Amino acid sequence: MGNVSKLLNKPLKAFTLYALIILVCSIPVYFLVVDFIWQQELDEHNQIVKERIVENFKLIKTSDEELGKTLVLWNILQPGTKLIKVDENVIKKDSVYTITKASNYTNDAQKDRFRVLESYLKINKKNYFLSVETNVEEADETLLAIAIVTFIFFSLLVVGFVLLNKRISKKIWLPFQNTLEKLKNFDLSTHKSIEFIKTDIEEFEQLNQELSKLILKNISVFDQQKVFLENASHELQTPLAVLKSKIDSLLQSKNLSSDQLDLINQINVPLARASRINKNLLLLSKIENHQFEDKEVINFESVLTDSLTLLEDYIIDKQLSISQSFENNDQLLTNKVLIEVLVNNLLINSIKHTENGGKIVIELKNGILIVKNSGITPLNHEGMFNRFLINSNEPSNSGLGLAIVKEIANRYHWKIAYDFKNQMHQFSVVF
Amino acid sequence: MKILIVEDEEELAKDISNYLSGESYLCEIASTYQQGQEKIALYNYDCILLDLMLPNGADGLNLLENLDHQNNQQGVIIISAKNSLEDKIKGLKIGADDYLAKPFHLAELSARIYSVIRRKQFDHTNLLEHNELTVDLLAKTVKVSGTILMLTKKEYDLLLLFLGNKNKVISKNALAEHLSGDIADMFENQDFVYAHIKNLKRKLTDAGCKPYLKTIYGTGYKWEM
């Protein structure tokens, strides 16, 4: 079916792609949001640390000297904070920033990110510089975690989509599948309309109704066409009969010149063709209109034997060699006339299209009839069994012989096929 | 001998009538069901040619049903464009002697009439005698001056066709159709007829029969008598 995919798979693909794009876009957004909140929190935290330090220093009233000793200890024991005495003139505004540096406490060369608060305090009316650092999760780690979580959710979404899609397509499309199945089995020539199963889905119900209308219309057009074909060929029989009798009468005239006799002969050829085509059309329309009842038990072998006897003259005339092998005793309940027509047409076809001195092989095995005739190149078998497909401009062709074979085979649900093997055209009927 | 042609196609009826008139037949034409009915009621015919589809939807088969079945001297040949097996069977069942599908060759029709009339009227002594030639229709034997002539079935069939169409030109096509029926229509080449004619001719002359059978240039054959 090439590039054809199921209807529900199309939105599924789109949904999946959309979800992927959104989720991928969400990764940096999540990251920025998380990072922002994180930094806000840490800044608040650093501020609190600073305020506590200031408060605590107010409570413990120590001398400058003691304070200086304590600060030395402080700066050693309290990691992440620094408190240094500074001069009056270096006081600046508080600043907040992020730095990335190698950690002092871990051995590996990994760098850590820190959020830093730098501030200037007054303790005992002296100026001090305070810096508070807090470790922040690294950007890449955050990003990775968010990405992993996002992809887990994305996978869940896709699995969910696929499962839901399956369920929906099974349930919702059921009436559609029913309709499709019925349409596949529909055969215009059986005259039977389709009864669609009722469905509670509006679109499908509408589809079914429109299809029913279309089918009914088609059946009626098809019927009209068949009736037309039958009537037309009936109507043609009479003028053809008159023409034939006129020519026969003309032949009886005295003193016809040889030119005139030639002309009469030349008229006879297309006339014979016209009456042949018309006879075949009439037969076709009769088969189509089911005007043949199946009421006889037929033995294929005897039909073949009879047909060969009937065609004997033409076989001898073209010096064809016939070989036959019959290993079949199937008795079929069919219509004798139709089977005779089928066999005759297949044999006539092979007799007509075999070169003088050629070979015809007839094989009848259980359930299969094969008629082979010698030939040089394979035929174009596309549309070979269609009406009026005339490969060559041979005037003896009515373009209907094989169409009739097909019509009869269709009627009995037999399979017909053409093949070219070992320089032989091969027609087979599987019954 | 009298023939009634019940046929609404005037031209066809005229041709049949003209063709048959040369063979000591007297033809009358009825172109409607009504006319046919009247003529059948008034006169006796040796053979009635009956078209099944008559004007105004009349069915020729009804005419056949109304025939006086007591008088089985009348032969009936159905000539129909329908060529349906059902009609044929039905027609033969209710008293028709033969069925010929349109379009047909006049020679074929003439031969059928000839044979129907023989069958109907000369039930037991069914001998055709033409000078030195004698044909026994029942035994299907042919004698020339008293000696039996061995003919194949096809040669015999051809001979009967010629005897039913004396002094008429019969086309090769008509001969082929006579021998192969519907199948002849399906082939362009009817040359096989030559072989049978050649054999028939040879057998007849070998047995001392006069050369009645003439070849008409490029067209067919004629039995001149």
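Tabulated results
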{"item": "Elements of type helices (runs of 4 or more DSSP H) contained in the stretch B:72-177, each with 2 or more residues being open to solvent by less than 50 Å² (accessible area, probe 1.4 Å) and within 11 Å of chain A (Cβ to nearest Cβ)", "result": "B:106-121"}
{"item": "Answer from B:LEU204, B:LEU200 - the residue that is farther than 23 Å from A:GLN319 by Cα and part of a helix (DSSP H, G or I)", "result": "B:LEU204"}
{"item": "Matching residues in the stretch A:299-323 - criterion: being away from chain B (no Cβ under 12 Å), at pLDDT below 90 and open to solvent by 50 Å² or more (accessible area, probe 1.4 Å)", "result": "A:GLU301, A:SER302"}
{"item": "Verdict on A:GLU363 being assigned to a loop (DSSP other than H, G, I, E, B) and either open to solvent by 10 Å² or more (accessible area, probe 1.4 Å) or in the same structural domain as A:ASN231 (by TED's automatic domain parsing) (or both)", "result": "no"}
{"item": "Check on A:LEU338, touching a residue at least 40 places away in the same chain (Cβ under 8 Å), part of a helix (DSSP H, G or I), open to solvent by less than 40 Å² (accessible area, probe 1.4 Å) and closer than 15 Å to A:ILE370 by Cα", "result": "no"}
{"item": "A:ILE287 farther than 22 Å from A:GLN423 by Cα, modelled with pLDDT of 85 or more and open to solvent by less than 40 Å² (accessible area, probe 1.4 Å)", "result": "no"}
{"item": "Subset of the stretch B:208-219 [free of Cβ contacts under 8 Å to residues at least 60 places away in the same chain and at positive phi]", "result": "B:GLY218"}
{"item": "Which listed residue is open to solvent by 70 Å² or more (accessible area, probe 1.4 Å) and closer than 30 Å to B:ASP51 by Cβ, from A:GLN209, A:GLN225, A:GLN237, A:GLN177", "result": "A:GLN225"}
{"item": "Odd one out for A:LEU243 among (1) over 14 Å from B:PHE104 (Cβ atoms); (2) at the interface with chain B (Cβ under 9 Å from one of its Cβ atoms); (3) in a helix (DSSP H, G or I); (4) open to solvent by 30 Å² or more (accessible area, probe 1.4 Å)", "result": "(1)"}
{"item": "Strands (runs of 3 or more DSSP E) wholly inside the stretch B:1-56 that include at least 3 residues being within 18 Å of B:HIS105 (Cβ to Cβ) and in the same structural domain as B:ASP98 (by TED's automatic domain parsing)", "result": "B:47-51"}
{"item": "Qualifying positions in the stretch B:178-192 - modelled with pLDDT of 90 or more and open to solvent by less than 20 Å² (accessible area, probe 1.4 Å)", "result": "none"}
{"item": "Selection from the stretch A:33-50 of residues that are closer than 15 Å to A:SER131 by Cβ and acidic (Asp, Glu)", "result": "A:ASP43"}
{"item": "Some residue of the stretch B:52-59 being more than 14 Å from chain A (Cβ to nearest Cβ), buried (at least 17 other Cβ atoms within 10 Å of the Cβ) and closer than 20 Å to B:GLY91 by Cα", "result": "yes"}
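The values are calculated or read from the model by the stated rules, or taken from the named source; none is laboratory data. This one's a predicted model, so the numbers in the text were calculated from it and none came from an experiment. Cβ: placed from backbone, ideal geometry, glycine included. Neighbour counts: every protein chain shown. Just so you know, the surface numbers come from the protein's heavy atoms only, side chains and all, with ligands and any DNA or RNA stripped out. Shrake-Rupley method; radii C 1.70, N 1.55, O 1.52, S 1.80 Å.
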